[in-house]
């Protein structure tokens, strides 16, 4: 399968501080970290690193940052020939203040909404695509020209264009902010409130294929009309900024390989959790073997260990916190995580308007594309 990723690559400039600055503060730092990021670019690198044939299309400038994007895609073997150059606008650059004490990243993201793709022809027919919500021209062209293409869409903010685009895609990974804006419902941190939030998503979107990244780092989703919540995976945090990007890329990998939604979300959550133990987005991408070993899914999925042909990691995984053990080969394995059903027995009247598509059987994993 050939996967198309549509987005706007950026160079992230990380400014490490020991505390978050107050207005008027002056800090002197001895170094900074620059690496490629944004959900689309990170997803493309992850998919290619994990063995998928991946193409990226998006707009860059004519500047040194654009060359850094090209070099990164070349390193990860992402086909970047569909990149477009806008000579009037520069490559997107994000500035990230990283609190080194708790790993919380405060971001200033640059996205010029007028800097969009203008060419939409490819030398292959995309069967599967990842859309990161930064280039609507390219996304609409794909959906208009390839009605059968399965898509994973990342929705961060609840503006009109993002909400409308989410309703056209097969799967949607969204933030809690997006979900609350789309539904006009502010969720409380209770099971009943999360059920209500998800019901309102279904009422608004007409489907239950939304996966919500909650503010408390839990994952809210639905299977066969039942709302489920995957707990946060505990790990030492260095930088939270990669979580959404790695989660989207890993989830796309799972759906493109016909994995059922419970296992897909568990694997994607594990990949994202490992990534936040490192600094950066693309540099934080774990290997598929790290994810399989820490998720406990290797035996269930029947996957052999990959031959070592991976891009070298900039940093090693931080030591896992209690709750992990080692297998016979000395590999760290996460304690079993079970998605917690949050649908309440006395709330059966809140039946979903639509039921999610049935999960495929495990025997079909990695044999054919997911049919949604």
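The values are calculated or read from the model by the stated rules, or taken from the named source; none is laboratory data. The structure presented is a predicted model; accordingly, all values stated were derived computationally and were not measured. A quick note on method: Cβ atoms are made from the backbone with ideal geometry, for glycine too, and the neighbour counts reach across all protein chains shown.
List of remarks:
- Residues that are without any contact (Cβ under 8 Å) to a residue 24 or more places away in the chain and crowded, with 20+ Cβ neighbours inside 10 Å do not occur anywhere in segment 271-282.
- Selection count, segment 47-71, where residues are within 18 Å of the chain's Cα centre (by Cα), under 15 Å from residue 7 (Cα atoms) and in a helix (DSSP H, G or I): 1
- Subset of segment 206-247 [free of Cβ contacts under 8 Å to residues at least 40 places away in the same chain, part of a loop (DSSP other than H, G, I, E, B) and either in contact with a strand residue (DSSP E or B) (Cβ under 7 Å, 6 or more places away or on another chain) or crowded, with 22+ Cβ neighbours inside 10 Å (or both)]: 214, 218
- Residue, farthest from residue 233 (Cα to Cα), within segment 283-292, restricted to residues that are surrounded by fewer than 24 Cβ atoms within 10 Å (Cβ to Cβ) and touching a residue at least 60 places away in the same chain (Cβ under 8 Å): 283
- Flag for residue 314 being modelled with pLDDT under 95, in contact with a helix residue (DSSP H, G or I) (Cβ under 6 Å, 6 or more places away or on another chain) and surrounded by fewer than 15 Cβ atoms within 10 Å (Cβ to Cβ): yes
- Take the conditions (1) more than 23 Å from residue 149 (Cα to Cα); (2) touching a helix residue (DSSP H, G or I) at 6+ places or on another chain (Cβ under 6 Å); (3) modelled with pLDDT of 90 or more; residue 248 misses just one of them, which is (1).
- Among residues of segment 248-270, those that are surrounded by fewer than 24 Cβ atoms within 10 Å (Cβ to Cβ) and in a loop (DSSP other than H, G, I, E, B), counted: 3
- Qualifying residue in segment 141-154 (condition: more than 21 Å from residue 1 (Cβ to Cβ), crowded, with 21+ Cβ neighbours inside 10 Å and in contact with a strand residue (DSSP E or B) (Cβ under 9 Å, 6 or more places away or on another chain)): no
- Candidate set: segment 7-34, residues that are surrounded by 15 or more Cβ atoms within 10 Å (Cβ to Cβ) and closer than 18 Å to residue 61 by Cβ; chosen: the one nearest to the chain's Cα centre (by Cα): 7
- Of the criteria (1) in contact with a helix residue (DSSP H, G or I) (Cβ under 8 Å, 6 or more places away or on another chain); (2) buried (at least 16 other Cβ atoms within 10 Å of the Cβ); (3) closer than 20 Å to residue 127 by Cβ, which one residue 83 fails: (3)
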